[in-house]
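Participant: Before anything else, here's the structure in question.
The values are calculated or read from the model by the stated rules, or taken from the named source; none is laboratory data. The model shown is predicted, which means the values in this text are computed figures rather than measured ones. Here Cβ is always computed from backbone atoms with ideal geometry, including for glycine, and neighbour counts include all displayed protein chains. Accessible surface is based on the protein model in full, side chains and every heavy atom, while ligands, DNA and RNA are left aside. Shrake-Rupley method; radii C 1.70, N 1.55, O 1.52, S 1.80 Å.
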Amino acid sequence: MSQSSYGQMWDAAQGALEDLLEDEYPTVQLRPQKDRLQVFQTLATFYLRYLKIFRALEEVYDQIVHPQKRRVVHQVLEGVMGRLVELKNEMVELENSEFHYFDDILQDFKMTPEDLEVPIPRYFVREKMRALKEREKMLAHILAKGGRQEHKTVPVKSMSVERAVWLLQVSERARQGRLRAHFMKTIRQEEQRRLQGNSSMLDPNQAATCIQKVWRGYRDRRRVNKECLEEMIFLGMIPAQQTTPSPAQLHAQQVESRRHCVQEDHEAEYQRALVNIKESVRSVDGPDIKESLQEQIRQWFLECRDATGKFPEYPSPEDGGSASIFAQKTPEQVAAEFAAKEEEREKKKKSKGKKGNDRKEKKKEKKGKMKGKKGKGDTEEEEKGWKMTPSNFLPTVVEGAKLYKEVWHNRDEKQNFLQCFDAQLVREEKRLEVEEELRVQVDELMRQELKNLKLVVDRDKGKKKKKVKKSSKKKKKKGRKTGKKKKKEKDLTADRTIESLYEELVMEGFIIRPKNIKLTDYIGEYSYLGTTLRQADIEPMPSLSDVRQLIALYGVLPLGSQCVHERGPLIRALLLTGPAGVGKKMLVHALCTETGANLFDLSPATLAGKYPGKSGLQYLLHMVFKVARQLQPSVIWIGDAEKTFYKKVPKLEKEMEPKRIKKNLPKILKSIKPEDRVLVVGTTRRPFDADIKPLCKVYKKIILIPRPDYASRFTLWKELLQAGGAQLGPKLDLSSLAKVTDGYTQGHILQAIQTVLNSHRLSQQTKRPLTAVEFIPPLARQDPVYKEEEEAFKTWYSRTPLGKKQARAAKASEEEDHKKGKTKGGKSQKKEKKGKTKKRKKKK
């Protein structure tokens, strides 16, 4: 796509955003909504519309080359990301569930389930690629220096002597059998040649018909098989074979990578221009700006003198200096403001001697307020319902949309074919900066000039004002002395550099290298039965696609964007729970890969035997969180998180001291501020072994990861087999494999594929295609996730704060339905009684 097409995409996205902002800020104030379904519909429509705009803006920002346009797109993009996180938080509070289903709304918007995927901005990693490469080199150097180079561990199974002898015997007998079969084959071929030599020659017509029959049969069978294969691929019953990318696709990839290089060149050129143009504006236009500012201020002096009969007070630097004078105000308005400020100061002085009267007045005011509150309570009861909470991101989105409309919407860019920076816009921007810098100097000069004028014209008044100022300054100073100073936390590693702390943590194994896994590698399909189950008052198990979306919204977007983390809903800790093999650790590594975050390991197994004692643990945690803040974004992973909150520590694990950080963890989490892009992620496969109250106090957000459903298993088999080098043919029934593996997790399926697809089996695929039966024995050796374990996870989740809220909401809705049924039944019974009495009267 060309730059003009990306410009059109940006224009369309901004148009859709403008329509959406009109719905966000309606002209008529809406009343609070009482219907929960209607509220969810509005929130879900906003969410899907923002998601569509987010996808378009991310594509534009990744490929557009103009440096000034990219800044406007970036501003709107971050606002849209934050608004998405806010809307998700609203839906969670409304439905008391982390998972939502939008089937009806997707149909209305003509969207597919794939459009629900939250796109991860590519600039999170690409814009800090150099820093990530340097960090990777440093990590490898420290590991090599300490002799802790990471090697791929190959699992080696021990074998008994009897088993080894049996294998040797089997292989030797097979070798002898192959030699004997080859020898017998050669004897048979020699006999056939001898018999054919003695037989008489065939008739040419018979020979031709024989050849034609064989060839036509082969040709027709080949054509029918090809047509059947094409039909099965078209119907989706057999996956299409992997094809190499076409030349057009390769060219498009090259163009995209070339655009990234052009972006860097244009950005460097723009940064140089900012410095050069500012210097030229200061040298050329600086004296004229200074003179014009002085003339404006002098004119203001004279106008105020004419209007009020005295010279005004010059605004202090805290009030904005002379900039506050010309903020669209007349001299009379400015003089009135300063006069009002002086009156307030005098009133404050007089009010100090009248404390007794003030107390009586305050009591009267309190009584009046109490009465007013009662009146307000009645109106509040009348207007009960749901209202949209004020957003922290909508002002930035509105500002970015306004900037686009004013500057870029109708701007002629025909001459700027290379999409370099616009020097005129830079000059206007830098002129304002130079004007602000010069205004500070002009304010100092004009403040002195005003004093001189007052000394000449109003000497007596000037002396009185000076005395008042001195007394006020003294009082201010006294007030400052009485103020209490906040205690600062002690820095236990003040004498050490970040590099030395980083090296120590790497050597001790607390900083590990995250695996290069993307969030899209976590394979899973959308749940198509979620809405129907919810309508039948059955809470569906979440799908793997829903889990992927939650990780993107709660982890990737806040960690990748400083703006989203600071102003959005603050998430300090996240717990991933589910059976073994569902991909909890994989999601942690994907979170680090997508955001370029450092990965710290504070699992009980890693902590065992290191930094003993309370002081040692305190020093370690201080060191970890200090490095995590300095090198943010950072992910602090706690594996086997239930061990930290054990109800009772098992005898075998008492030496490990798994509950060491139980007391310190809540305190440290409170110290994580919105500016710190640090996320604590816990993973557990046995959450029911932990004490649920302290666990839920630490981990506010809990994501339950289920075993894969049929659709997810089908895609898993297909993707993992293709990644392993398998040729998917008609004999390999993936649907049956997906059906048979109900209850097995992703880890079980991957292990079965790895055991079957060894190098020897892959080489035999052309002669002996893969079948579904070959994967059954390795699956039978593994234990699946049974229903009892799944029910245990469900019951545990129902005891979490969100699960309790959901249960309360369900009970409340049942009671409402029951009441409605009673009222209807009562009315019908009354009608029946009335009818019976009428009949009796008629009979009489």
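Participant: Can you report the number of residues in segment 399-432 which are surrounded by 15 or more Cβ atoms within 10 Å (Cβ to Cβ) and not in a helix (DSSP H, G or I)?
Facilitator: Of the residues in segment 399-432, 4 are surrounded by 15 or more Cβ atoms within 10 Å (Cβ to Cβ) and not in a helix (DSSP H, G or I).
Participant: Something else: I need the full set of residues from segment 622-650 which are touching a residue at least 60 places away in the same chain (Cβ under 8 Å), open to solvent by 10 Å² or more (accessible area, probe 1.4 Å) and assigned to a helix (DSSP H, G or I), in order please.
Facilitator: HIS622, LYS626, GLN630
Participant: Being under 30 Å from GLU231 (Cα atoms) and either assigned to a loop (DSSP other than H, G, I, E, B) or open to solvent by less than 10 Å² (accessible area, probe 1.4 Å) (or both) is the requirement here; does LEU737 meet it?
Facilitator: Here the answer is yes, as LEU737 does meet what is asked.
Participant: Restricting the first residue to segment 271-298 and requiring it to be under 18 Å from GLN448 (Cα atoms) and open to solvent by 90 Å² or more (accessible area, probe 1.4 Å), which pairs with a second residue that is among the β-branched types (Val, Ile, Thr) and modelled with pLDDT of 90 or more meet a Cβ separation below 7 Å and a spacing of at least six or different chains?
Facilitator: If the second residue must be among the β-branched types (Val, Ile, Thr) and modelled with pLDDT of 90 or more, no pairs are left.
Participant: LYS137 - would you say it is open to solvent by 70 Å² or more (accessible area, probe 1.4 Å) and more than 26 Å from the chain's Cα centre (by Cα)?
Facilitator: Considered against the rule, which asks whether it is open to solvent by 70 Å² or more (accessible area, probe 1.4 Å) and more than 26 Å from the chain's Cα centre (by Cα), LYS137 comes out as yes.
Participant: With respect to ILE53, determine if the residue is modelled with pLDDT of 85 or more and buried (at least 20 other Cβ atoms within 10 Å of the Cβ).
Facilitator: It is true that ILE53 is modelled with pLDDT of 85 or more and buried (at least 20 other Cβ atoms within 10 Å of the Cβ).
Participant: Among the candidates THR771, THR741, single out the residue that is of a type in the set (Ser, Thr, Tyr), at negative phi and in contact with a helix residue (DSSP H, G or I) (Cβ under 6 Å, 6 or more places away or on another chain).
Facilitator: THR741
Participant: Can you tell me how many residues within segment 26-49 are crowded, with 16+ Cβ neighbours inside 10 Å and of a type in the set (Lys, Arg)?
Facilitator: Selection size over segment 26-49: 1.
Participant: From the set of residues in segment 87-113 that are outside any loop (DSSP other than H, G, I, E, B) and closer than 19 Å to LEU557 by Cβ, which is most open to solvent (accessible area, probe 1.4 Å)?
Facilitator: Looking at the filtered set, the residue picked out is GLU93.
Participant: Something else now. On the given criteria, is ILE702 part of a helix (DSSP H, G or I) and of a type in the set (Val, Ile, Thr)?
Facilitator: no
Participant: If you don't mind, another one. Tell me which residues, restricted to segment 534-555, are in a helix (DSSP H, G or I), closer than 26 Å to LYS718 by Cβ and not hydroxyl-bearing (Ser, Thr, Tyr).
Facilitator: LEU544, ASP546, VAL547, ARG548, GLN549, LEU550, ILE551, ALA552, listed by residue number.
Participant: In segment 754-810, what count of residues is obtained for those that are in contact with a Gly (Cβ under 6 Å, 6 or more places away or on another chain) and part of a helix (DSSP H, G or I)?
Facilitator: 2
Participant: Here are some residues: PHE54, PHE46. Which one is part of a helix (DSSP H, G or I) and within 16 Å of the chain's Cα centre (by Cα)?
Facilitator: After ruling out the rest, the residue left standing is PHE54.
Participant: Right, something else. Looking at LYS34, is it modelled with pLDDT under 90 and closer than 30 Å to SER97 by Cβ?
Facilitator: For LYS34, the condition - modelled with pLDDT under 90 and closer than 30 Å to SER97 by Cβ - is met.
Participant: Being within 30 Å of GLN3 (Cα to Cα), touching a helix residue (DSSP H, G or I) at 6+ places or on another chain (Cβ under 9 Å), open to solvent by 50 Å² or more (accessible area, probe 1.4 Å) and at pLDDT 80 or above, is that true of even one residue in segment 436-444?
Facilitator: So far as segment 436-444 goes, no, none of its residues is within 30 Å of GLN3 (Cα to Cα), touching a helix residue (DSSP H, G or I) at 6+ places or on another chain (Cβ under 9 Å), open to solvent by 50 Å² or more (accessible area, probe 1.4 Å) and at pLDDT 80 or above.
Participant: For segment 565-621, enumerate the residues that are closer than 30 Å to LEU394 by Cα, open to solvent by 10 Å² or more (accessible area, probe 1.4 Å) and aliphatic (A, V, I, L, M).
Facilitator: The answer is LEU570, ILE571.
Participant: Check MET129 against each of (1) within 20 Å of the chain's Cα centre (by Cα); (2) open to solvent by less than 20 Å² (accessible area, probe 1.4 Å) and name the one condition it does not meet.
Facilitator: (2)
Participant: A further question on this structure: What's the number of the condition ASP23 fails, among (1) in contact (Cβ under 8 Å) with a residue 60 or more places away in the chain; (2) open to solvent by 60 Å² or more (accessible area, probe 1.4 Å); (3) touching a helix residue (DSSP H, G or I) at 6+ places or on another chain (Cβ under 8 Å)?
Facilitator: Looking at each condition in turn, ASP23 falls short on (1).
Participant: Sticking with this structure for a sec: Test each condition in (1) within 28 Å of the chain's Cα centre (by Cα); (2) in contact (Cβ under 8 Å) with a residue 12 or more places away in the chain; (3) not in a loop (DSSP other than H, G, I, E, B) for LYS667 and report the one that comes out false.
Facilitator: The number of the failed condition is (2).
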